[in-house]
Amino acid sequence: MKKYATEIKWALIFCAAALVWMVFEKAMGWHGPKIEKHPYMTNIFGLVAIVIYVLALREKREKLGGQMTWKQGFMSGLIISIIVGLLSPVTQWITHALISPEYFSNAIAYSVEVGYHDSPEAAAEYFNLQSYMMQGGIGAIIMGVVTSAVVAIFLKRSPETA
């Protein structure tokens, strides 16, 4: 467990940042009166995610004595991604039960209004807790793997460049 302390720490930081971001989104009205902005504005969190992965892999490199191969960086990021993916159902529940319980009803109404879905029932098949738990978990792993692969390229450091 101690071997993965850095990855666990940064996965928890990532989840906390995601929850703070959800509070921010709600405060901005993107879960309610300005929900039309949500599909675009929520993607800004991607920048926060990249920063978190950079900081995590930089810390990992320092704990490895200032040297890190691409594979070591990628594997560290992969572990973070898996932990975030596994914790995603919890963060989704916190988001939709505590932070923004009206999000799904607002998203359903808006998606039907603008024609993304033909009916409230069709929209509800997409906008529900179980669907978001699944999407969040899978999305966290996929995006985390891609982010880890790219960030590890830039943060690798061999003995001759250390």
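The values are calculated or read from the model by the stated rules, or taken from the named source; none is laboratory data. Here the structure is a predicted model, which is why all the values come from computation and not from measurement. Every residue, glycine among them, receives a Cβ derived from its backbone with ideal geometry; neighbour counts consider all protein chains shown. Surface areas here come from the heavy atoms of the whole protein model, side chains and all, with no ligands, DNA or RNA. Shrake-Rupley method; radii C 1.70, N 1.55, O 1.52, S 1.80 Å.
Against the empirical 2.2 N^0.38 Å scaling, what ratio does the C-alpha Rg of the range 1-83 come to?
Relative to the 2.2 N^0.38 Å estimate, the range 1-83 comes out at 1.32.
Top mean-square fluctuation among 91, 147, 42, Gaussian network model of the chain, C-alpha springs under 10 Å?
42
Out of 39, 130, 16, whose Cα points farthest toward the positive end of the dipole of the chain (charges: +1 Lys, Arg; -1 Asp, Glu; placed on Cβ)?
My answer, from the dipole projection, is 16.
Rounded to the nearest 0.05, what FRET efficiency do residue 44 and residue 67 have when you use their Cβ-Cβ distance and R0 = 30 Å?
According to the calculation, E is roughly 0.35.
Using alpha-carbon positions, what is the distance between the centroids of the range 89-162 and the range 20-76, in Å?
Each part's Cα centre sits 12 Å from the other's.
Per the helix-only calculation at 222 nm, which mean residue ellipticity applies to the chain, given -39500 (n - 2.57) for every DSSP H run of n ≥ 4 and division by its residues, nearest 500 deg cm²/dmol?
Value at 222 nm, helices only, nearest 500: -23500 deg cm²/dmol.
So I have [x] 184; [y] 258; [z] 104, and one of them is volume of the Cα convex hull per residue in Å³ calculated from this model. Which one is it?
From the options [x] 184; [y] 258; [z] 104, the structure gives [z].
Please list, short to long, the whole-number percent of alpha-carbon pairs of the range 122-162 in consecutive 10 angstrom bins beginning at zero.
Per 10 Å bin, starting at zero, the Cα-Cα P(r) for the range 122-162 comes out as 25, 28, 21, 15, 8, 3 percent.
May I ask you to list the residues of the range 11-31 whose amide nitrogen lies under 19 Å from a point 7 Å from Cα along the Cα→beta-carbon direction of residue 55?
The answer is 11-25, whose backbone nitrogens lie closer than 19 Å to the label point.
Could you tell me which of 116, 97, 84 has its Cα farthest along the dipole of the chain towards the positive end, charges placed at Cβ (Lys, Arg +1; Asp, Glu -1), taken about the Cα centre?
Of the listed residues, the answer is 84.
Give the ranking of 132, 116 by solvent-accessible surface, highest area first, calculated with a 1.4 Å probe.
116, 132
Using Cα-Cα distances under 8 Å and only pairs 6 or more residues apart, what relative contact order does the range 23-106 have, in percent?
37
What distance in nm separates the two pseudo spin-label positions at residue 36 and residue 122, each 7 Å out from Cα along the beta-carbon direction?
2.1
Please build a GNM for the chain, connecting alpha carbons under 10 Å apart, and tell me which residue among 25, 59, 121 fluctuates the most.
121
Does anything in the range 117-145 have its amide N under 16 Å from the 7 Å Cα→Cβ label point of residue 97, and if so which residues?
Residues 128-134 qualify, since their backbone N sits under 16 Å from the label point.
What aspartates and glutamates sit close enough to residue 156 to cross-link, taking a C-alpha to C-alpha distance under 19 Å and skipping anything fewer than 8 places away on the same chain?
7, 59, 62
Whenever you get a sec, line up 3, 9 from highest to lowest accessible area (probe 1.4 Å, protein heavy atoms).
Ranking 3, 9 by accessible area, largest first, yields 3, 9.
Considering only 104, 14, 74, give the residue with the highest GNM mean-square fluctuation for the chain, with springs between Cα atoms whenever their separation is below 10 Å.
Residue with maximal mean-square fluctuation among 104, 14, 74: 104.
With every protein chain kept in place and ligands, DNA and RNA left out, what is the accessible area per residue of the range 31-112? Probe 1.4 Å, answer in Å².
The answer is 50 Å² per residue.
Please report the relative contact order for the chain, taking Cα pairs under 8 Å with a sequence separation of at least 6, and give it as a percent rounded to a whole number.
Relative contact order for the chain comes out at 34 percent.
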